[in-house]
1. Out of all the residues in segment B:226-245, is one or more over 20 Å from the mean Cα position of the chain (by Cα) and either basic (Lys, Arg) or closer than 24 Å to B:SER89 by Cα (or both)?
2. With respect to B:ALA445, is the statement that it is touching a residue at least 60 places away in the same chain (Cβ under 8 Å), at the interface with chain A (Cβ under 7 Å from one of its Cβ atoms), small (Gly, Ala, Ser) and part of a loop (DSSP other than H, G, I, E, B) true?
3. Inspect all residues belonging to segment B:401-423 and state whether any of them is more than 29 Å from B:ALA476 (Cα to Cα), more than 11 Å from chain A (Cβ to nearest Cβ) and either surrounded by fewer than 19 Cβ atoms within 10 Å (Cβ to Cβ) or at pLDDT below 95 (or both).
4. Scan segment B:119-158 residue by residue and report those that are closer than 28 Å to B:ARG200 by Cβ and either crowded, with 18+ Cβ neighbours inside 10 Å or among the small types (Gly, Ala, Ser) (or both).
5. Return only the number of the condition from (1) touching a residue at least 60 places away in the same chain (Cβ under 8 Å); (2) surrounded by 14 or more Cβ atoms within 10 Å (Cβ to Cβ) that B:ARG200 does not satisfy.
6. Within segment A:75-90, how many residues are surrounded by 15 or more Cβ atoms within 10 Å (Cβ to Cβ), assigned to a loop (DSSP other than H, G, I, E, B) and within 8 Å of chain B (Cβ to nearest Cβ)?
7. Suppose we filter B:ALA467, B:ALA476, B:ALA480, B:ALA459 for residues that are away from chain A (no Cβ under 14 Å) and surrounded by fewer than 18 Cβ atoms within 10 Å (Cβ to Cβ); which single one remains?
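The values are calculated or read from the model by the stated rules, or taken from the named source; none is laboratory data. On a predicted model such as this, the values are computed, not experimentally measured, just so you know. Note: ideal-geometry Cβ built from the backbone for every residue, glycine included; neighbour counts use all protein chains shown.
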Amino acid sequence: MRDRRALWIAIALMTAVLVTGYYLLLSERDRQLALQQTDSPRTMDVDSTVLESRGSEEIQVRLYFYNGGSQASDSQFLFARERTIYQSDDPILMARQIISELFKGPGDDADGNLLFPEQARLRQLYLLEDGTVVVDLTYETVQELQGIVAELAAIRSITRSLTDNLDSIRRVRFLVEGQSRPTLAGHISIRYPFM
Amino acid sequence: MSALALVLLTVTLQVATVNLKAQGLTIQVGDRKSQIGTRVHHGEVYYDLGDLAKTLELSATELSSDQIRVAGPRGELHLSAGRRLVRLSDQYVALSADIWRRGTRDWYVPRAFIEKALPLLLDQKLEFLSDNLIRVEVLDRNPVRINIANYPDHVTVVFQSERPITPEVTEYRQYIEVQFSEFLVEPRMSSTAPDPNLVRSVEFNPQHAYGSFRIVKGSGYGIYREYFLENPLRLVIDIYGDSLPDLVESSPDSETTHAQSAAPREYTSEADPFDSRIRGVIVLDPGHGGEDSGTRSQGFTEKVLALRLAREIEAQLGRSGHAVRTTRSRDVGLPLEQRSAIANYFQSRAFISLHFGGAPSPDTRGPVVYIYSSTLGETSGAGPAPRPGSAGILTDLTTWHDGQNSHSSRSQRLARLLQDELNQVFGTDNSVSELPLELLAPVQAPAVVVEAGFLTSPADRELLASAQFREQVAVAISRAVERFLQ
């Protein structure tokens, strides 16, 4: 009698494990499929959606974009535009929103100066204790940066937009696809952080 | 309990497999992205042949239960299940893993198949951007007309390309190969047969990624020389017998842009730029090359223009008696540190990297000369943070990335001379810019990067379209270098 009871318990346990395992397998597959169907995680849109749903207040930030026609030696290499993002105590959430806004370009009359392609994505963003923010971009973000001026514009606009708006960010370091590289697109050294 | 452990292990393994699969492979054709099914088999990642064929528009026909044929615009591949040799006409391509037929219908191929065998079928270029992303670049066609003329002492073969491509010429024991790049070559062969004593045949070789030509040597072959003519752009190859005429003195045509005559085979060989007897030369560095085209805009390609400009400057400085070396003399990619290393190897008197600019705005124009600086040179903006420097630690050694530090004032002088000369040619008043350029940092010589106009600027493109203007640019650069060396 006891043997039979033990057997039933064993069968019930096995069934439970199998059902749980199968459920895990299916849900993981669905998750991976959903991830695959998205080109890459649009972290920035997620950030603003989350902050909006929390009822966060909006805040004006000053973003810097490439000033068409200017050379690296020009003092007016960048121009500023005001944008609205959601306020957060977490500087990482703020920084990600700022980069997302930069990727969209200056808009209106400066449309011709669109620096980043539509596929531009931020892979990840880390803030180190010394105030260095590590901006990890996808390959697609930098592959169309043709020439020294375009590369410089990308570095300067991201660095200045982050350091000017967020007190906790003092320096900006760049990675591409999670890797440290000598340059973003073949010219300007990104071995050391910018400030 | 052991049954329970087994079940748990199975579930874990399955989830792990799903994760491996999920790394997947995406093929991007134009704006369209397609996912290729992946599976792990015997520890190797395999890709669904059906998905590949559909995405790349190949036809896959099963010939028997263990054989399948994949046909593309350039040929057919025969695959056998469980084998790692893939047949293309009478050649075999060896893969690192077997072809896998899963169940009764699905065929799977290892990564090596995509990298080694697929490009042989396609008239498109596969660019491996990362482990999981391949971009398919649809190649435009480039009709290339071949003309053959027989002379008493030589045979002339002329390659006239419709696109402004500088082909690469390489000599092999049996033949001379002329390789085109960027576009898919459409051959228009000559109806004239060459003198069989010097040239057995001129053949088109479709197996090369873009298409190449082979000039098969005859029994009386002795030497060849190559040069370019412009308007339209033509590559001319003259093939001589054993007795070589006087090639050194004469230039074959007043239009010749690169008089190859002084050293007919020099830039077909990458072997001897490192001649240890030569010291203190001027090193020219044509930017980009190979897979890295640099800026591309409206049919202008930076790597091609940079190489042509380097050849013109090399010829001009050479005529003034200067020893000149180039970091590359054909369409080949070189890492930045290798270019800097070549400058240092020759203990250069001057290092000039030749580029053409690109900017996000068509209004950005004119020539710009760059020199190295450890800062970005803007007073109110982003600049590199202080480096974890070596000052005070190494007193008698210079670290690789500090090579340029002791040459900055002479680099500045060279840059100003170049900027002034180029501004005059372009009619601009641009200034020298200082940036932390990775290429220049290690160079232990006066070193500059010259961007001779912006290919993204319609005004600059219009100027650079003219061969005469490009020659003026070469003259301006040569003149500035000579003034610097005086």
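1. Scanning segment B:226-245 turns up no residue that is over 20 Å from the mean Cα position of the chain (by Cα) and either basic (Lys, Arg) or closer than 24 Å to B:SER89 by Cα (or both).
2. Considered against the rule, which asks whether it is touching a residue at least 60 places away in the same chain (Cβ under 8 Å), at the interface with chain A (Cβ under 7 Å from one of its Cβ atoms), small (Gly, Ala, Ser) and part of a loop (DSSP other than H, G, I, E, B), B:ALA445 comes out as no.
3. Checking segment B:401-423: at least one residue is more than 29 Å from B:ALA476 (Cα to Cα), more than 11 Å from chain A (Cβ to nearest Cβ) and either surrounded by fewer than 19 Cβ atoms within 10 Å (Cβ to Cβ) or at pLDDT below 95 (or both).
4. B:LEU120, B:ASN142, B:VAL144, B:ILE146, B:ILE148, B:ALA149, B:HIS154, B:VAL155, B:VAL157
5. It fails just one condition, (1).
6. Residues that pass the stated criteria total 1.
7. B:ALA467
Each row is one residue, and each column tells you yes or no for (1) surrounded by fewer than 18 Cβ atoms within 10 Å (Cβ to Cβ); (2) over 21 Å from B:PRO143 (Cα atoms).
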position: B:GLY211; (1), (2): no, no
position: B:GLY220; (1), (2): yes, yes
position: B:ILE223; (1), (2): yes, yes
position: B:GLU230; (1), (2): yes, no
